[in-house]
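S.K.: Shown below is the structure under consideration.
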Amino acid sequence: MLKQFRRLLRPTRISRHDLATTTSRALHVPALAETKQRFGHELNPQIYTTGRWLNNDLLHRDARRVDFDFAALCARAVKVCTGATKVVRYEKKRRRSALSHRRSTTIDHELRSGYFGLQYDGRSPPTPNPQLTLIVRSFTEIPVHKVLDWSDDDSSIGTEYIIMEHAAGIQLHEKWPSMSPHQHMLCVKNVSFLMAEMAKLPFPVYGSLYFADAPIKQSLKSVFVEGFCIGPHCGPQYWDCNAGETRFYQRKPPNRGPWPDLEPYCSGLIDAGVSRVPNDHDSQADILPYRGSIKEHLRLLESSSRVIQELAQSSLIKNVAIPTLLHPDIHTRNVFVSEEDPSQVTAIIDWQSTSIEPAFVYANHTPDFVEDPAADIRILEKLMQAEAPHIEAMDETLLRLFRYCDTSWRDGAAALRQELIDISQGWIELGLPGSCPYQPTPEELREHEEQLEDFETAQQLKLFLKRALDAESDGWVPADQWAAKIAENRKLFGEFLESVKDAGGSEERARALWPFGESSNSQ
């Protein structure tokens, strides 16, 4: 079935990492009159215009609208810039992150960058960026630009904000294509040293960094160093802030840490997975043919909990679970380098989701320049080894369940069940004691084979479309390319639909498997 498309699809197993997407909640936007009058254009600072989505475009864009007082923010920027009198220009900087917006403002002659987070109302994660920046600047040599002003109180501006000094240099993605292999090697070596320095910082628990007087419950604070504490994890996977992914806390309350050791950390992962499972099926719940029932997901998550807690007792996992603080997204757009000597790193940005995780979490974070065939791959691999020592020798089967147990409802029951089956079948070979707590029945294995075929077809389609359309996993593309990408997506779907019908399949099934449905988009 689907022979024409299968020839185009890579016949390898697809990582659930390809499914990852981060979004945030919806806010509303005021009129543009004052901004247009002041700056002479309608580049609304309160809406997200960098990109659009091939799937659920309107939902994603609405989720990135931030209602705040732009004039008041400009006034704050002028106040903290010594000698400045006014803001004469501002522009939006291209960034993929969904948890904040970045704007650059020219204040008389000096350039400053502003990062605007979302309001913390209990649904969206807090933004512990200033304290994290201070920790990094105080205890490492990593070039992080200075915070000039910030607030986690929305009373004056209308949202949390951070005003930072300009990041010196140029983004690495602009220089990388013109760099020599030797410069690639030196640049990655320098990044590697910086990350290794950060990985050596000792932390007592898992969670996120806060100032000691942060407005969170005292019971949720773990003492770190003077003036700082470790509190609840600020990552979006633990909060009800993802566009189109409602959380349900009736079965289990939010569990965001901090966690003193690996076992409660694992409980937080499972509880996050349970919170994604709806209370009742709605009209959209069964669209994915491999989704699985609510009962099935809860049963799989219970099995995952037993297996993960068993793994957490193993020295194989404990050896790579040291609480570690690392930048979660070391990609070329977040690394700035010198224009004259691009092997020299001048700044690393985009720290807002950085948290203290078990070291093995970072083994799945591969910099985008690893995919560049012109680079020295051996040197690039050293980066990952420096970030998470000992992990390069780990069998991936041991780690995948930790990575994917919290997204079973989004990815489908087949995805999580496959991880459980893999670890169950390889339990002895992996060096684990006793027997695996999860033992699938013959009937469950038969049902799984049917779901798995659809799941793998959908993942192969997604990987094919990511490459063919040069899109992100959630369908994100640059805004100026959106119309052309939508047209190409429709053309490819038409070809796919024809191949499905030729094989005796239905249009309904074809639409269910297609990752980027055009019906969900709006001009």
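The values are calculated or read from the model by the stated rules, or taken from the named source; none is laboratory data. Quick caveat: nothing in here was measured; it's all calculated off a predicted structure. Cβ placement follows ideal geometry from the backbone for every residue including glycine, while neighbour counts extend to all protein chains displayed.
S.K.: Do you know which residues across the stretch 387-413 are among the hydrophobic types (A, V, I, L, M, F, W, C) and modelled with pLDDT under 85?
M.R.: Result: ALA388, ILE391, ALA393, MET394.
S.K.: When GLU310 is evaluated against the numbered criteria (1) surrounded by fewer than 19 Cβ atoms within 10 Å (Cβ to Cβ); (2) of a type in the set (D, E, K, R); (3) within 29 Å of LYS252 (Cβ to Cβ), which criterion, by number, is the only one it fails?
M.R.: Result: GLU310 passes all but (1).
S.K.: Please find, within the stretch 159-182, the residue that is surrounded by the fewest Cβ atoms within 10 Å (Cβ to Cβ) out of those that are without any contact (Cβ under 8 Å) to a residue 60 or more places away in the chain and assigned to a loop (DSSP other than H, G, I, E, B).
M.R.: Among those that are without any contact (Cβ under 8 Å) to a residue 60 or more places away in the chain and assigned to a loop (DSSP other than H, G, I, E, B), it is SER180.
S.K.: Another one. Can you tell me which residue within the stretch 68-81, out of those that are surrounded by 14 or more Cβ atoms within 10 Å (Cβ to Cβ) and charged (D, E, K, R), is farthest from ILE157 (Cα to Cα)?
M.R.: The qualifying residue farthest from ILE157 (Cα to Cα) is ARG76.
S.K.: Can you tell me which residue in the stretch 188-230 is modelled with the highest pLDDT, limited to those that are basic (Lys, Arg) and either buried (at least 19 other Cβ atoms within 10 Å of the Cβ) or under 20 Å from SER353 (Cα atoms) (or both)?
M.R.: LYS221
Residue by residue, here is whether (1) at pLDDT 90 or above; (2) surrounded by fewer than 18 Cβ atoms within 10 Å (Cβ to Cβ); (3) out of contact with any Gly (no Cβ under 9 Å at 6 or more places or on another chain) holds:
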| position | (1), (2), (3) |
| --- | --- |
| GLY434 | yes, yes, yes |
| PRO440 | yes, yes, yes |
| GLN451 | no, no, no |
| ASP454 | no, no, no |
| PHE464 | yes, no, yes |
| ARG490 | yes, yes, yes |
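S.K.: Separate question: Taking the condition of being farther than 23 Å from LEU401 by Cβ and touching a Leu at 6+ places or on another chain (Cβ under 7 Å), how many residues in the stretch 225-281 meet it?
M.R.: Number satisfying all stated conditions: 6.
S.K.: Filter the stretch 146-158 down to the residues that are assigned to a loop (DSSP other than H, G, I, E, B), at negative phi and at pLDDT 80 or above and list them by number.
M.R.: Residues satisfying the conditions are LYS146, ILE157.
S.K.: While we're on this one: Among the residues of the stretch 138-158 satisfying the criterion of being within 13 Å of PHE68 (Cα to Cα) and in contact with a helix residue (DSSP H, G or I) (Cβ under 8 Å, 6 or more places away or on another chain), which is surrounded by the fewest Cβ atoms within 10 Å (Cβ to Cβ)?
M.R.: Step by step, filter the stretch 138-158, then rank; the result is SER156.
S.K.: Still on this structure, please answer the following. Scan the stretch 435-451 and give yes if some residue there is part of a helix (DSSP H, G or I), farther than 30 Å from THR50 by Cβ and either touching a helix residue (DSSP H, G or I) at 6+ places or on another chain (Cβ under 6 Å) or assigned by TED's automatic domain parsing to the domain that holds ASN56 (or both), otherwise no.
M.R.: yes
S.K.: Which count do you get for residues in the stretch 469-498 that are free of Cβ contacts under 8 Å to residues at least 60 places away in the same chain and small (Gly, Ala, Ser)?
M.R.: Number satisfying all stated conditions: 4.
S.K.: Which one of these does PRO204 not meet: (1) in a loop (DSSP other than H, G, I, E, B); (2) touching an Asp or Glu at 6+ places or on another chain (Cβ under 8 Å)?
M.R.: Only one criterion is unmet by PRO204, namely (2).
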